[in-house]
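This report concerns only the one structure given below.
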Amino acid sequence: MVPLSSISRILRNRIYTGEFEWLGTVYRGSHQPLISKDLWQIAQDLMDGRYISKLPHTGGTVRDFAFTGMIACGHCGCAMVAEIKKNKYIYYHCTQNKGRCPERKWVREETLIQQFSALLLKLRFNWKVYDLVVRALKSSLAVERQEHAQALNRVKGELDRLNQRLEALYIDKLDRRISDAFYFRTSSQWKEEARRCEDELLRLNGAGESYMDEGVSLLTLAQDAHSIFEKQEGMAQRKLLNFVFQNCIWKNGELIADYRQPFDMLQETALKSLNSEHPKGYDDAGKENWLGN
Ligand SMILES: [Zn+2]
């Protein structure tokens with residue numbers, strides 16, 4: 001059973017309505033575009049392979065090693081650093097800064113790349129499921145737009161009503177139908193309400209249409225991460241890996257890495273989706289509650 005609706009929930013809640021950690025900061029909110037432009041741009045750049053052209057090709061003996069400082073030794077916690085052997089082979093090894101470490105064997109960069117690549121492959125969804133989720137996110141977007149438009153109309157209406165009342169109140173004051181004290185008390189209350197409406201309008205206008213586009217971008221990135229990685233090299237690969245993984249560890253010849261949010265949950269879901277050739281819920285997907293609760 002592929003929990004299709006849960007993917008939609010992951011993308012909605014984790015990114016749009018829940019807490020989301022981005023570059024070390026935890027964002028929370030209900031309808032704010034939490035990570036919008038940065039994430040969207042990075043996802044686009046990664047998918048377009050735009051980082052490839054920015055690669056610093058030094059060609060000489062001095063170069064940036066792609067994974068230096070990115071992976072910790074699983075035994076002693078020291079950083080894994082790189083060295084070139086025989087003028088061409090890049091090897092990584094524990095710095096052994098904390099003394100003798102059991103991780104004695106050096107590892108070729110190609111081996112690390114292979115293992116990272118295998119971890120990225122685990123993010124891939126069954127294509128049917130992927131199509132379904134993208135469709136669901138897009139229909140979700142239509143609903144969201146509608147709700148957004150309704151909210152805008154509601155707040156605008158409220159603001160108009162308050163402004164009309166304030167005008168009427170002012171005329172009452174001029175015509176001496178109400179006391180100055182009553183006028184000031186009531187008008188300050190309504191002005192305060194009007195200010196709240198204006199803030200709400202600003203917020204609604206700022207909340208762009210990119211909620212679901214981001215969800216689609218992120219999902220597409222997860223789907224393509226493996227093939228993008230394979231086409232890239234050096235710092236471009238590092239950038240992609242940093243985007244998806246954290247706490248990378250090398251221990252006993254094996255690379256262990258945690259998927260960052262929301263890739264962690266996408267990976268779990270992807271695993272289930274790959275395990276089921278004909279995912280239950282595919283044919284009756286229309287009955288799924290995509291919009292969550
Ligand atoms: Zn070590």
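What follows is calculated from the coordinates using simple rules that are stated; it is not laboratory data. Just so it is clear, the model here is predicted, and its values are computed rather than measured. With ideal geometry, Cβ positions are generated from the backbone for all residues, glycine too; neighbour counts draw on all protein chains shown.
What is the sum of charges around Gln189, taking Lys and Arg as +1, Asp and Glu as -1, for the other residues whose C-beta is under 13 Å from the C-beta of Gln189? Taking every Cβ under 13 Å from that of Gln189, the sum is +3. Determine the distance separating the Cα centre of region 142-183 from the Cα centre of region 67-90; give it in Å without decimals. Value for the Cα centre distance between the two parts: 65 Å.
Using the Cβ of Arg161 as centre and a radius below 15 Å, the other residues enclosed give a net charge of -1, where K and R count +1 and D and E count -1. Applying a threshold of 31 Å to the alpha-carbon distances of Lys85/Lys251; Lys85/Lys272; Lys138/Lys251 flags Lys85/Lys272; Lys138/Lys251 as lying beyond it.
Considering only the Cα atoms of region 132-172, their convex hull presents on average a projected area of 2.3 nm².
Under 5 Å between amide hydrogens, built in the peptide plane, is the criterion, and for Ile71 it picks out Met80 among residues at least 5 positions away or on other chains. Once the other residues with Cβ under 12 Å from the Cβ of His93 are scored (Lys, Arg +1; Asp, Glu -1), what is the net sum? Taking every Cβ under 12 Å from that of His93, the sum is +1. Here the relative contact order of region 61-134, from alpha carbon pairs under 8 Å that lie six or more residues apart, stands at 19 percent. Along its first, second and third principal axes, ordered by size, region 104-240 spans 91, 39, 20 Å in Cα coordinates. Sorted fewest first by neighbouring Cβ atoms within 10 angstrom, Asp180, Asp160 come out as Asp180, Asp160.
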